[in-house]
Amino acid sequence: MSPRIGVVTFPGSLDDRDAARAVRRAGADPVALWHGEADLLGVDAVVLPGGFSYGDYLRCGAIARFAPVMTALVDAAGNGLPVLGICNGFQILCESHLLPGALTRNQHLHFRNRDQRLRIDANTTAWTGAYEPGDVITVPVKNGEGCYVADPATLAQLEGEGRIVARYVEGNPNGSLHDIAGIANEAGNVVGLMPHPEHAVDQLTGPSEDGLGLFTSVLKHLARVAA
Amino acid sequence: MTVDTVELAAKDPELVQPFAALGLEPDEYARIGAVLGRRPTQTELAMYSVMWSEHCSYKSSKVHLKQFRDKAPASDRLLVGMGENAGVVDVGAGLAVTFKVESHNHPSFVEPYQGAATGVGGIVRDILTMGARPIAVMDQLRFGDADAPDTARVLPGIVAGIGGYGNCLGLPNIGGELVFDPSYAGNPLVNALCVGVMPRERIQLSAARGPGNVVVLLGAKTGRDGIGGVSVLASATFDAGGGPAHRPSVQVGDPFTEKLLIECCIELYDAQLVAGIQDLGGAGLTCATTETASAGGSGMHVDLERVPLREASMEPHEILASESQERMLAIVTPADLPAALAVAQKWGVDATAIGEVTDTGRLVIDWRGETVVDVPPASLADEGPVYDRPVQRPADLDLLQATDPSTLPRPSTPDELRATLLRMVASPNLCDKTWVTEQYDRYVQGNTVLAQPEDAGVIRLDEASGLGIALSTDGNGRYTRLDPYAGAQLALAEAYRNVAATGATPIAVTNCLNFGSPEEPEVMWQFAEAVRGLADGCQALGTPVTGGNVSFYNSTGATPINPTPVVGVLGVIDDVARRTPMGFPTAGTILLLGETHEELGGSEWAWEEHGHLGGRPPAVDLRRERALAEVLIGGSRDGLLLAAHDLSDGGLAQVLVESCLRGKVGAQITLPADADPFRWLFSESAGRAVVAVADAPAAEFTGRCDAADLPWTSIGTLGGDSLSLEGSLDVPLDELRTAYEGTLPCLFD
């Protein structure tokens, strides 16, 4: 049986169907999860998709973290459930304190959508095992508040523990500290990524197929955990 | 608070009413009295004033627009034609597509961010109302000179507003236009297009039928925003000082609420819980209630105090005229009401029963126990005044057409030609538009196959079969100023050509007609000629107009804008994997299709290099356009084309630069021995495209051109890292890229 990967829909989620398509292309079954239900339906991993949950009111992700589904998700993540937060999903993971730091307004103050070059720096997480450290991939970035910030101690810890999963190369699109595009938690099962790998799974509709590796990585991870 | 009621209106027939301040003519006011058999209540007067405004009633344009119907070519694809919120066409595989372009010019001038944002929101609701899921947007923007101070005020806000709203709705922005011309300095044009898709059987009607059915208001609460926006904002020319004649309240958008409204409505449609639906746009509840009741041939009763308000002190006419955004009016059977309300609750959308459909043939509105409105709905919605306004050919047109660009100094040495090329690609109208387009999400929904700067946006509709659509819009105010009939046809021809260049077959047309004041006979002549040209052109190309929008009263000071019909063409493509991109491949032969004549009237070169506008625009040959389109579509379908790019503003030079930079490859161009390089590079003759073909299928492709009586010229080969023209030019791509990409960031960062 194929692994089942949940994709959460909050009010204002936009890339949920794209994330489900990427899960399907990677060979898993996408399962729709609803923000109002504190039930993960027994899925093997969860994707928090991009969008503007709750209209980004107050702060990006600040309201979504109180959704019933997040209560269940925070517990499950603590027990090792692989969780990938993309863009708004990354913001929600920071607001939920599953990941440290915060995502703030882009330095240039504009929303920016471009094909971004990323370097994968850590392949030890549940979501990046299919890459080699140093791999440079092309994935769309599109955000207004994607500038990653954290205090110096946190940044040093992230660097020291190899938890910076991906960095922007050939230009930082939003002013993120240390060119950070994505980070992982200590255990490596929770990853937040600002760019959108789900938009780079098919040459026809994206700049590359480089993003598919995020989704195949978690299948590899799940197979290894099961073995 | 005392309010004027129907009872008082009968008792006090001589009350002096401020009809003129509301924009009504004396004879229009008299006509209201005749319709009602009494004076209108103050609330009714406000309703008539907004519904009979130019914006809602199309009173000056109707007599011309009917040509779109009278001359419409036969089409077995047309499911819903003009007159509905948006036209609907059959694209096969059980799917229907609806699309429309609309203006939001004046609000965007007053308040750039919110004006542009709510322009997107409004057109998206038009598409949603038809039963479709919105799947993409495009924006057509026109400003004064790029370096004019007011451009710096309005442009960044307008772009941010379009992005802020569209991005938050999850709609890819797949193309559009950005044009600078001083005629728009005090009146920028902000047009917005939306396209949506639905299963054929899900098409919704805007008619209120079935006495006893419940009238449900969905979405945002009603506030004082946008009151009078339609009649005051859209129908009053800005004064010479650049400020609005009346300080209005522009509507404020909340895209999050609209996103929920979209999901809620689509779930209602799929569960077949609505019997009729209408969006609330210009003239708000007034328009929605009268149009649905009129379309249904029914009556309607509304209890106005049930409308959820942001401000409790709002009076009946304010509630009825409010243009608060993100609202829809649904007609629901009593049996379906609980289920419909449950769907709304699931999505967190407010839903309130505010009245019911009746069989009285009257729209009756009560407020706090008194009747404030009792009117025949068709008198507001469909039977407004119609004017056949006087037309007069502009007095300066002969002189303008006689001022031919043939005498302008031209580059005469290779160095001058090189410098001209670099200045042209760096000019604001021809330069790279990434500064704007990267503020828009083009990837969301995962079906964007082509997006700007490609000739047309291409969206996949069906993942299994690859069925998709292509969309392009074009307009050229300078051409239309020189010859409105030809200018409208050139806009149509260009959009048609753009769609065909991607490999899609053009099937339908929408338009947004931006003009000056209809009360000026010279403007009205431009309008009449442009509509006639467009209607004739659509007939000749076999693409019916399915809907559109008219925006009058666009002027900078006392000078009307260049007449600007923006034309959108929708195409269908069986398999999006077959689409032809515009970027050159790394190797191959470049062919120029069509004929190049000396046609520089209204050209980008004449304007940019000499500030010259005169002569005649390029000649229109729609038979040639059809032949070109068929060759491009067939070449795409059969895999003969590696790239295709249509020629328009800036001519061949612009196309070569864009396709080389997009493909990151150089080109070595050799023109025919007798060719004048300047004319070949910068003339804007219509009916042309550049294609790249591999060596082997080249003969097959040129054979098809010959069979279609389409002239072609082999003009060079691909490769290397510079664009060279044998005997005169050799410009490295890096130098072209620097010139092309530097302009907008330099102006607006």
Report summary line: If you go through B:Arg202, B:Arg142, the only one that is charged (D, E, K, R) and buried (at least 24 other Cβ atoms within 10 Å of the Cβ) is B:Arg142
Report task. Name the one entry in A:Val8, A:Val23 that is away from every other protein chain (no Cβ under 14 Å) and under 15 Å from the mean Cα position of the chain (by Cα). Result -> A:Val8
Requested in this report: Identify, by number, the condition in (1) in contact with a strand residue (DSSP E or B) (Cβ under 7 Å, 6 or more places away or on another chain); (2) within 28 Å of B:Gln539 (Cβ to Cβ) that B:Ala692 doesn't meet.
Outcome: (2)
Query raised in the report: Of all strands (runs of 3 or more DSSP E) completely enclosed by segment B:43-130, which ones contain at least 1 residues that are among the charged types (D, E, K, R)?
Result: B:87-92, B:95-103
Requested in this report: Run B:His597 past the list (1) surrounded by fewer than 22 Cβ atoms within 10 Å (Cβ to Cβ); (2) part of a loop (DSSP other than H, G, I, E, B); (3) touching an Asp or Glu at 6+ places or on another chain (Cβ under 9 Å) and report the number of the one that doesn't hold.
Outcome: (3)
Report task. Go through segment B:283-311 residue by residue and tally those that are surrounded by 18 or more Cβ atoms within 10 Å (Cβ to Cβ), on the phi > 0 side of the Ramachandran plot and not in a helix (DSSP H, G or I). Result -> 1
Requested in this report: Would you point out the residue of segment B:710-749, among those that are within 14 Å of another protein chain (Cβ to nearest Cβ) and either loosely packed, with under 14 Cβ neighbours inside 10 Å or out of contact with any helix residue (DSSP H, G or I) (no Cβ under 8 Å at 6 or more places or on another chain) (or both), that is modelled with the highest pLDDT?
Outcome: B:Pro745
Report task. State the number of residues belonging to segment B:167-193 that are of a type in the set (Gly, Ala, Ser) and within 11 Å of another protein chain (Cβ to nearest Cβ). Result -> 1
Query raised in the report: Just for segment A:108-126: of the residues that are assigned to a loop (DSSP other than H, G, I, E, B) and within 15 Å of A:Gly192 (Cα to Cα), which one is farthest from the other protein chains (Cβ to nearest Cβ)?
Result: A:Thr124
Query raised in the report: Which residues, counting only those in segment A:10-30, are surrounded by 20 or more Cβ atoms within 10 Å (Cβ to Cβ), touching a Lys or Arg at 6+ places or on another chain (Cβ under 8 Å) and more than 19 Å from B:Glu258 (Cα to Cα)?
Result: A:Ala28, A:Pro30
**Report entry** Every residue from segment B:81-107 that is farther than 22 Å from B:Ala530 by Cβ and under 18 Å from the mean Cα position of the chain (by Cα)
**Finding:** B:Glu84, B:Asn85, B:Val88, B:Val89, B:Val97, B:Thr98, B:Pro107
Requested in this report: Being within 14 Å of another protein chain (Cβ to nearest Cβ) and in a loop (DSSP other than H, G, I, E, B) is the filter; apply it to segment B:230-271 and report the residue that is modelled with the highest pLDDT.
Outcome: B:Asp254
Query raised in the report: In this structure, does A:Pro140 turn out to be within 14 Å of chain B (Cβ to nearest Cβ), assigned to a loop (DSSP other than H, G, I, E, B) and touching a residue at least 40 places away in the same chain (Cβ under 8 Å)?
Result: no
Query - Test: residue in segment B:452-468 that is assigned to a helix (DSSP H, G or I) and either closer than 27 Å to B:Asn554 by Cβ or within 13 Å of chain A (Cβ to nearest Cβ) (or both) - result: no
Query - Residue ID - farthest from A:Ala19 (Cα to Cα), chosen from residues in segment A:80-125 that are among the small types (Gly, Ala, Ser) and out of contact with any Ser or Thr (no Cβ under 7 Å at 6 or more places or on another chain) - result: A:Ala102
Query raised in the report: So is B:Glu28 under 25 Å from B:Val386 (Cα atoms), touching a residue at least 60 places away in the same chain (Cβ under 8 Å) and part of a helix (DSSP H, G or I) or not?
Result: yes
Report task. Could you tell me which of the residues A:Glu132, A:Glu145, A:Glu161, A:Glu95 is within 14 Å of chain B (Cβ to nearest Cβ) and of a type outside the set (S, T, N, Q)? Result -> A:Glu145
Query raised in the report: Counting only residues that are under 29 Å from the mean Cα position of the chain (by Cα) and on the phi > 0 side of the Ramachandran plot, how many does segment B:648-678 have?
Result: 2
Requested in this report: Can you work out which of the residues in segment A:55-73 that are more than 23 Å from A:Pro195 (Cβ to Cβ) and surrounded by fewer than 17 Cβ atoms within 10 Å (Cβ to Cβ) is nearest to the other protein chains (Cβ to nearest Cβ)?
Outcome: A:Tyr57
**Report entry** Only one of A:Asp29, A:Asp18 that is within 13 Å of chain B (Cβ to nearest Cβ) and closer than 21 Å to A:Phe215 by Cβ
**Finding:** A:Asp18
Query raised in the report: Hey, among B:Ala132, B:Ala185, B:Ala152, B:Ala136, which residue is touching a strand residue (DSSP E or B) at 6+ places or on another chain (Cβ under 8 Å) and surrounded by fewer than 24 Cβ atoms within 10 Å (Cβ to Cβ)?
Result: B:Ala185
Query raised in the report: Quick check, is B:Gly164 under 20 Å from B:Ile262 (Cα atoms), within 14 Å of another protein chain (Cβ to nearest Cβ) and not charged (D, E, K, R)?
Result: yes
Query raised in the report: Taking only pairs six or more apart or across chains, which ones have beta-carbon atoms under 6 Å, a first residue in segment B:435-446 that is within 7 Å of chain A (Cβ to nearest Cβ) and within 19 Å of A:Gly51 (Cβ to Cβ), and a second residue that is among the hydroxyl-bearing types (Ser, Thr, Tyr) and in a loop (DSSP other than H, G, I, E, B)?
Result: B:Gly446/A:Thr205
Report summary line: When segment A:112-130 is checked residue by residue, the ones that are in contact with a helix residue (DSSP H, G or I) (Cβ under 9 Å, 6 or more places away or on another chain) and surrounded by fewer than 21 Cβ atoms within 10 Å (Cβ to Cβ) are A:Arg114, A:Arg119, A:Asn123, A:Gly129, A:Ala130
Query raised in the report: Within segment A:123-165, which residues are more than 30 Å from B:Gly166 (Cα to Cα) and either among the aromatic types (Phe, Trp, Tyr) or at pLDDT below 95 (or both)?
Result: A:Trp127, A:Tyr131
Query raised in the report: Name the pairs: first residue in segment A:192-212 and at the interface with chain B (Cβ under 10 Å from one of its Cβ atoms) and more than 25 Å from A:Glu145 (Cβ to Cβ), second residue outside any loop (DSSP other than H, G, I, E, B) and small (Gly, Ala, Ser), Cβ to Cβ under 7 Å, at least 6 apart or on different chains?
Result: A:Leu204/B:Ala577
Query raised in the report: If the Cβ limit is 9 Å and pairs must be 6+ apart or interchain, which residue in segment B:608-620 that is in a helix (DSSP H, G or I) pairs with which residue that is among the basic types (Lys, Arg)?
Result: B:Glu608/B:Arg423; B:Glu609/B:Arg410; B:Glu609/B:Arg423
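The values are calculated or read from the model by the stated rules, or taken from the named source; none is laboratory data. Keep in mind the model is a prediction, meaning the values are calculated, not measured. Heads up, the Cβs are rebuilt from the backbone with ideal geometry, glycines too, and the neighbour counts pull from every protein chain shown.
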